[in-house]
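Enquirer: The following block contains the structure, expressed as structure tokens.
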Amino acid sequence: MTLHLSTKLCGVIGDPIEHSLSPVMHNAAFRELGLDYAYFAFHVPKESLKPAILGVVGLGIVGLNVTIPHKLQVLRYLDHVDEEASRLGAVNTVINRDGRLYGCNTDGIGALRALEQNGVTVKGKRSTLMGAGGASRAIAFKLSEHVRSMTILNRTKSRAASLARSLRRYRNIEVKVKELTEENLSETLRETDILINATPIGMWPNVDVTPVRKELLPSGLTVFDIVYNPIQTRLLHDASKRGCRVIDGVDMLVHQGAPAFKLWTGREAPIEVMRKAVLRALKRKFGS
Ligand code: NAP
């Protein structure tokens, strides 16, 4: 990557941030299209969020991704937040337009496209979502435009209940809430078509843990794990063995990045180049 005085800067803020694959993915896309852009990862602890966002305007950074733990707090520092991101209360993408900051959320569309790309029709399906954090909220709002029903299981039940209340305000589907326990999973999975893991359970370095015991996974279930490091989580490994259809988190990563790329550059994202860059980086890390 050659940097010039004219190079436009993008980046991701979060804490921790070392694991982020967004720099690899977006820089590969900039290179492919010959764009004079560069993407960096910025380690921003909670207490530094406000000065970091002021710095985006001050330094003329053109685009930003926002990850844990800032997706909710960042809203208060933006000039405009689009309707969907306002409703779900989380932003993962910021665009600097002449010093005014616009926020939106591409996680939901990223998840939907990942499912569609893997041949899953979500319309009319019974969905179960594990987790009620930032990613889960975005996925719940987007999928609830299409699915027949949604059950949200979360370690902290009150958080799932709060997400369900927000959903019911805008969507006319059946939404159930349960604590994430083995008993509740067992009962719920018997009436589920699509199961989505939107918790970090199974993420590196805790690769031997899974949110669902293997025996509870019925064959024929579609299991989508949004964790992408490792690509094949323990959950997906077990689900394959049980005869489920499995989808890993890489496609979502690419498809949540693609709309951000377009917003910052005005160009269609080179999806395949981005996917290959992510897969290469993961292969370097996990060797498979
Ligand atoms: P978050 O806002 O911190 O939410 C995490 C959720 O997981 C919460 O509901 C939390 O439950 C639950 N959780 C965390 N640790 C748990 C544990 N040990 N046992 C049970 N539940 C647990 O995080 P997020 O932004 O939603 O991200 C969640 C995961 O998705 C991360 O691994 C992230 O890397 C991944 N992700 C992937 C993509 C992609 O493009 N593929 C995009 C975004 C995120 P409580 O409410 O009880 O705390």
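The values are calculated or read from the model by the stated rules, or taken from the named source; none is laboratory data. Source: prediction; values computed, not measured. Cβ atoms come from the backbone with ideal geometry, glycine included; neighbour counts cover every protein chain shown. Calculation scope for accessible area: heavy atoms of the full protein, side chains included, ligands and nucleic acids excluded. Shrake-Rupley method; radii C 1.70, N 1.55, O 1.52, S 1.80 Å.
Enquirer: In Å and from the alpha-carbon atoms only, list the Rg and Dmax of the chain.
Expert: Radius of gyration, then largest Cα-Cα span, for the chain: 18.7, 59 Å.
Enquirer: With springs connecting C-alpha atoms under 10 Å apart, model the chain as a Gaussian network and identify which of 98, 107, 15 has the largest mean-square fluctuation.
Expert: 98
Enquirer: I'd like to check one number: the per residue accessible area of the range 108-248, probe 1.4 Å, reported in Å² as a whole number.
Expert: On the way: 6370 Å² over 141 residues.
On a per-residue basis, 45 Å².
Enquirer: Residue by residue through the range 52-58, which ³J(HN,Hα) values in whole Hz follow from phi under the Karplus form 6.51 cos²θ - 1.76 cosθ + 1.60 (θ = phi - 60°), with glycine and proline marked x?
Expert: My calculation for the range 52-58 gives 5, 5, 4, x, 4, 6, x Hz in order.
Enquirer: Here is a further query. Once the cut-off is 20 Å, how many percent of the Cα-Cα pairs in the range 73-216 end up in the long-distance tail?
Expert: 50
Enquirer: Which residues does the label zone of residue 268 cover in the range 1-44, counting backbone N under 18 Å from a point 7 Å along Cα→Cβ?
Expert: Within reach of a label on residue 268: 29-35.
Enquirer: Where the only charges are on Cβ atoms (+1 Lys, Arg; -1 Asp, Glu), what is the dipole of the chain about its Cα centre, to the nearest 20 debye?
Expert: Dipole of the chain, to the nearest 20 debye: 320 debye.
Enquirer: Could you work out the longest stretch of the chain that avoids the GluC sites (Glu not before Pro) located in DSSP loops with at most 15 other Cβ atoms within 10 Å?
Expert: Working: sites that count: 18, 145, 191, 268.
Longest gap between qualifying sites, sites excluded: 19-144.
Enquirer: Same structure, new question: How large is the charge dipole for the range 182-285, taken about the Cα centre, if only the Cβ atoms of Lys, Arg (+1) and Asp, Glu (-1) carry charge, to the nearest 20 debye? Walk me through the numbers on the way to the answer.
Expert: Details: 15 positive and 13 negative charges, 143 e Å.
In total the dipole reaches around 680 debye.
Enquirer: Carbon and sulfur: what percent of the range 84-237's accessible surface (1.4 Å probe)? List each step's numbers first, then the result.
Expert: Working: 2850 of 6600 Å².
Answer for the range 84-237 is 43 percent, counting heavy atoms of protein chains only.
Enquirer: Please report, in debye to the nearest 20, how large the charge dipole of the range 108-248 is about its Cα centre when each Lys and Arg carries +1 at its beta carbon and each Asp and Glu carries -1 there.
Expert: With Lys and Arg at +1 and Asp and Glu at -1, about 500 debye.
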